[in-house]
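*Asks:* This structure is in structure tokens; I'll ask about it shortly.
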Amino acid sequence: MTARASKISLIVFVVLLVLSAFLMSIEGDYWPWYVVMSVFALVPLVVGPRRYRIMGAIALLMSGALIVSDIAAGRRFHSHKEKLSDQPAQAAAQIQGWVPIGTSQIVAQRIMEQHHFTCSMKTNSSLGDLNSVDFLYCDYSASAGWPVQRRWQVALVLTNSTVSEVRVSTGLVGP
């Protein structure tokens, strides 16, 4: 019975490992998935016959390495605070570096919010020369010297719920 439970746990571990390649998130958000995977590595390590204990130990080490590397990648991602350009074209290029074309709407919103933007979904709306489009509208302001603020307004145009274009306007706001 312990051999069977160990084998099933290792199969579940491998399936979760393969599925982790399809997770759509950003660095630093995967580690809880890897923690769940590690539980399935513990079962054969604790109750399995010798060969399954060895495979469980390898799987647990792999989970640990994935957890540590994801947390480190998340810290690097969150510590990289790049100043957003005052020029709309350059700012659009920077934002497209954060949110590449093809990124899902959910992931795009999470990334923009991590860069301190406030975002909301606009459905079947007009945007400049475009009519009846869906886009994620994101807004951010930073001090440009009291009492003036620099404001960035970003529209991540969506096609089939993925980013297809980045549009940016920026300007100064104040008395």
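*Asks:* Could you check segment 19-56 and list, in sequence order, the residues that are of a type in the set (Val, Ile, Thr) and more than 20 Å from Ala73 (Cα to Cα)?
*Replies:* Selection gives Val39, Val43, Val46, Val47, Ile54.
*Asks:* Moving to a separate point now. Considering only segment 138-173, how many residues are more than 19 Å from Ala89 (Cβ to Cβ), surrounded by fewer than 18 Cβ atoms within 10 Å (Cβ to Cβ) and not small (Gly, Ala, Ser)?
*Replies:* 8
*Asks:* Let me ask something else. With respect to Ser164, is the statement that it is in contact with a strand residue (DSSP E or B) (Cβ under 9 Å, 6 or more places away or on another chain) and over 18 Å from Gly97 (Cα atoms) true?
*Replies:* no
*Asks:* Could you say whether any residue in segment 99-112 is among the hydroxyl-bearing types (Ser, Thr, Tyr) and more than 18 Å from Gly28 (Cβ to Cβ)?
*Replies:* Looking through segment 99-112, none of the residues is among the hydroxyl-bearing types (Ser, Thr, Tyr) and more than 18 Å from Gly28 (Cβ to Cβ).
*Asks:* Here's something else I'd like to know. Please tell me if Ser120 is in contact with a Leu (Cβ under 9 Å, 6 or more places away or on another chain), surrounded by fewer than 13 Cβ atoms within 10 Å (Cβ to Cβ), part of a strand (DSSP E or B) and not assigned by TED's automatic domain parsing to the domain that holds Trp33.
*Replies:* Considered against the rule, which asks whether it is in contact with a Leu (Cβ under 9 Å, 6 or more places away or on another chain), surrounded by fewer than 13 Cβ atoms within 10 Å (Cβ to Cβ), part of a strand (DSSP E or B) and not assigned by TED's automatic domain parsing to the domain that holds Trp33, Ser120 comes out as yes.
*Asks:* Which of the residues that make up segment 38-57 are without any contact (Cβ under 8 Å) to a residue 12 or more places away in the chain and among the β-branched types (Val, Ile, Thr)?
*Replies:* Val39, Val46, Ile54
The values are calculated or read from the model by the stated rules, or taken from the named source; none is laboratory data. None of the values given here were measured: they were computed from a predicted structure. Here Cβ is always computed from backbone atoms with ideal geometry, including for glycine, and neighbour counts include all displayed protein chains.
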